[in-house]
Amino acid sequence: MSALPGGEDPYSESIDPGIACSACDAVCCRLTVVLMPEDRVPRHLTDRTEHGLHVMARDEDGWCVAIDPHRMCCSIYDERPSICRKFAMGSPYCRDVRDTYRDQNARGIPLTMY
Ligand code: SF4
Ligand code: SF4
C-alpha cells in the first residue's frame, strides 16, 4: 500500500497493524487465484477450472501448490501472480478470510472457497 504524496494514506485505517503473515497459516493461499495473461508462473503449478479459467493449482488440503509447507510461505514469491501481490496483510479481505478459516475449523468443517 503506497502513501499519497503529502503523507496521508487513505486506506491506512482499514489495515489492522496487529495482523502479521508470520503468525498466520497463509489462509489467503487457499483462495482461488485466477491468473492474468501477464503472470509468469511455472506451468506445472497451474490448473484449469471446469469453466476454463487458468488458476493456481491447489493441493488436497486446499492450499496453493506453490506454498512451502514447512514455512507456510510462497515458494515463488518473486514471480507470484499479480492477484497475490495486491492482497494486503491486515486488510478487510485478509481479516475476513482469517475469520472464516477460524470459524470453520472450529466447527471441524473443511474449508472450500471459490
Ligand atoms: S495476507 Fe492475511 S491471510 Fe494472507 S498470510 Fe498474511 S495475514 Fe494471513
Ligand atoms: S502463488 Fe504464492 S502467494 Fe499466491 S496463493 Fe500461491 S503460495 Fe500464496
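Quick look at the numbers
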read-out: Estimated vicinal HN-Hα couplings, Hz - the stretch 18-35 in sequence order (Karplus 6.51, -1.76, 1.60; Gly, Pro = x); value: x, 9, 9, 4, 5, 10, 9, 7, 6, 5, 5, 7, 9, 6, 5, 9, 7, 8
read-out: Cleavage-rule hits (trypsin sites (Lys or Arg not before Pro)) in the stretch 16-95: DSSP loop, at most 15 neighbouring Cβ within 10 angstrom; value: Arg40, Arg71
read-out: Filtered GluC sites (Glu not before Pro), the stretch 45-85: DSSP coil and at most 11 other beta carbons within 10 Å; value: Glu50, Glu60
read-out: Accessible area in the full protein assembly, largest first, 1.4 Å probe, for Val34, Val55; value: Val34, Val55
read-out: Nonlocal amide H pairs with Thr46, under 5 Å, H built at 1.01 Å; value: Ala57
read-out: Heavy atoms of Ser75 accessible to a 1.4 Å probe, total area in Å² rounded to 10; value: 80 Å²
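The values are calculated or read from the model by the stated rules, or taken from the named source; none is laboratory data. Since we're looking at a predicted model, the values are computed, not measured. Counting neighbours? That spans all protein chains shown, and the Cβs are built from the backbone with ideal geometry, glycine included. To get the accessible areas, we keep the full protein, side chains included, count just its heavy atoms, and leave off ligands, DNA and RNA. Shrake-Rupley method; radii C 1.70, N 1.55, O 1.52, S 1.80 Å.
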